[in-house]
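Engineer: The structure is given below, and queries will be raised subsequently.
The values are calculated or read from the model by the stated rules, or taken from the named source; none is laboratory data. No experiment lies behind these values; they were computed from the predicted model shown. We place every Cβ from the backbone using ideal geometry, glycine too, and count neighbours over all the protein chains shown. These accessible areas exclude ligands, DNA and RNA; they are computed on the full protein's heavy atoms, side chains included. Shrake-Rupley method; radii C 1.70, N 1.55, O 1.52, S 1.80 Å.
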Amino acid sequence: DGGITQSPKYLFRKEGQNVTLSCEQNLNHDAMYWYRQDPGQGLRLIYYSQIVNDFQKGDIAEGYSVSREKKESFPLTVTSAQKNPTAFYLCASSASGGSSYNEQFFGPGTRLTVL
Amino acid sequence: QKEVEQDPGPLSVPEGAIVSLNCTYSNSAFQYFMWYRQYSRKGPELLMYTYSSGNKEDGRFTAQVDKSSKYISLFIRDSQPSDSATYLCAMRANTGNQFYFGTGTSLTVIP
């Protein structure tokens, strides 16, 4: 089955710790994204990557870092610099191709709680 | 002004009702329009996708795009309790890979 997997489903972090959220896709999509979802605020873009070894900051990149060493994988690190990291994190991917239509597919999400 | 505006609801309807969900947007460059359904504590799933203006129907769901008014709609006919979820609209321009989302509308269908 093709799809996007995220792990872990639930993650607890102590203040001052860095944590890494995993995202893997087997859809052969070039583009991958990380969003943060908070109640009443919808989805806010953290980082996105259109191709391996390249990524761009989204609207709320401060306190987060990413890497894109493989097409299938786009891990997100929540650093201690992120002041309010408790949220639901969603990874997504889409095909890439300029004017061709794109649909974005989401993983099941990781719920991060800071203790 | 946000790129995409969506009434958060909540919206509560009886089973069998027709539901209308809407989004407005400000960027005339948006060409691709999507509706997602998100159940509680789950990732969004793509429901409908349309390109540019017009209507698209899929079973009980109809998506409409009016680019002249910068307004998109999702209609759900014969609503079912299983339709209870948050519905997110999303859109993007012809260039670039960044998607813009509404805040989502919470829908409850009462049996």
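Engineer: Looking at (1) more than 14 Å from chain B (Cβ to nearest Cβ); (2) open to solvent by less than 10 Å² (accessible area, probe 1.4 Å); (3) modelled with pLDDT under 90, which is the only condition A:Val78 fails?
Structural biologist: The number of the failed condition is (3).
Engineer: For segment B:53-63, what are the residues that are surrounded by 12 or more Cβ atoms within 10 Å (Cβ to Cβ) and outside any strand (DSSP E or B)?
Structural biologist: Within segment B:53-63, B:Ser53, B:Arg60 meet the criteria.
Engineer: Turning to a different aspect of this structure: Filter segment A:14-34 down to residues that are open to solvent by less than 70 Å² (accessible area, probe 1.4 Å) and out of contact with any Phe, Trp or Tyr (no Cβ under 7 Å at 6 or more places or on another chain) and give me whichever is nearest to the other protein chains (Cβ to nearest Cβ).
Structural biologist: This residue is A:Asp30.
Engineer: Can you spot a residue in segment A:39-48 that is open to solvent by 50 Å² or more (accessible area, probe 1.4 Å) and under 11 Å from the mean Cα position of the chain (by Cα)?
Structural biologist: Looking through segment A:39-48, at least one residue is open to solvent by 50 Å² or more (accessible area, probe 1.4 Å) and under 11 Å from the mean Cα position of the chain (by Cα).
Engineer: Follow-up. Looking at (1) assigned to a loop (DSSP other than H, G, I, E, B); (2) out of contact with any strand residue (DSSP E or B) (no Cβ under 6 Å at 6 or more places or on another chain); (3) more than 13 Å from chain A (Cβ to nearest Cβ), which one does B:Ser79 not meet, given that it meets all the others?
Structural biologist: With respect to (1) assigned to a loop (DSSP other than H, G, I, E, B); (2) out of contact with any strand residue (DSSP E or B) (no Cβ under 6 Å at 6 or more places or on another chain); (3) more than 13 Å from chain A (Cβ to nearest Cβ), B:Ser79 is out only on (2).
Engineer: Given the criterion among the basic types (Lys, Arg) and away from chain A (no Cβ under 14 Å), identify the matching residue among B:Lys42, B:Lys56, B:Lys70.
Structural biologist: B:Lys70
Engineer: Going by what's in this entry, would B:Ser28 be described as modelled with pLDDT of 95 or more and either surrounded by fewer than 21 Cβ atoms within 10 Å (Cβ to Cβ) or at the interface with another protein chain (Cβ under 9 Å from one of its Cβ atoms) (or both)? Steps first, please.
Structural biologist: Values: modelled with pLDDT of 95 or more: no; either surrounded by fewer than 21 Cβ atoms within 10 Å (Cβ to Cβ) or at the interface with another protein chain (Cβ under 9 Å from one of its Cβ atoms) (or both): yes.
When the stated conditions are applied, B:Ser28 does not pass them.
Engineer: Out of the residues in segment B:1-19 meeting the condition of being within 23 Å of B:Arg92 (Cβ to Cβ) and part of a strand (DSSP E or B), tell me which one is farthest from the other protein chains (Cβ to nearest Cβ).
Structural biologist: B:Glu5
Engineer: What do you reckon, is B:Thr108 open to solvent by 20 Å² or more (accessible area, probe 1.4 Å), under 28 Å from A:Ile4 (Cα atoms) and assigned to a loop (DSSP other than H, G, I, E, B)?
Structural biologist: For B:Thr108, the condition - open to solvent by 20 Å² or more (accessible area, probe 1.4 Å), under 28 Å from A:Ile4 (Cα atoms) and assigned to a loop (DSSP other than H, G, I, E, B) - is not met.
Engineer: While we're here: Which ones in segment A:86-112 are within 8 Å of another protein chain (Cβ to nearest Cβ), modelled with pLDDT of 90 or more and assigned to a loop (DSSP other than H, G, I, E, B)?
Structural biologist: If the condition is that a residue be within 8 Å of another protein chain (Cβ to nearest Cβ), modelled with pLDDT of 90 or more and assigned to a loop (DSSP other than H, G, I, E, B), then A:Gly107, A:Pro108, A:Gly109 are the ones that fit.
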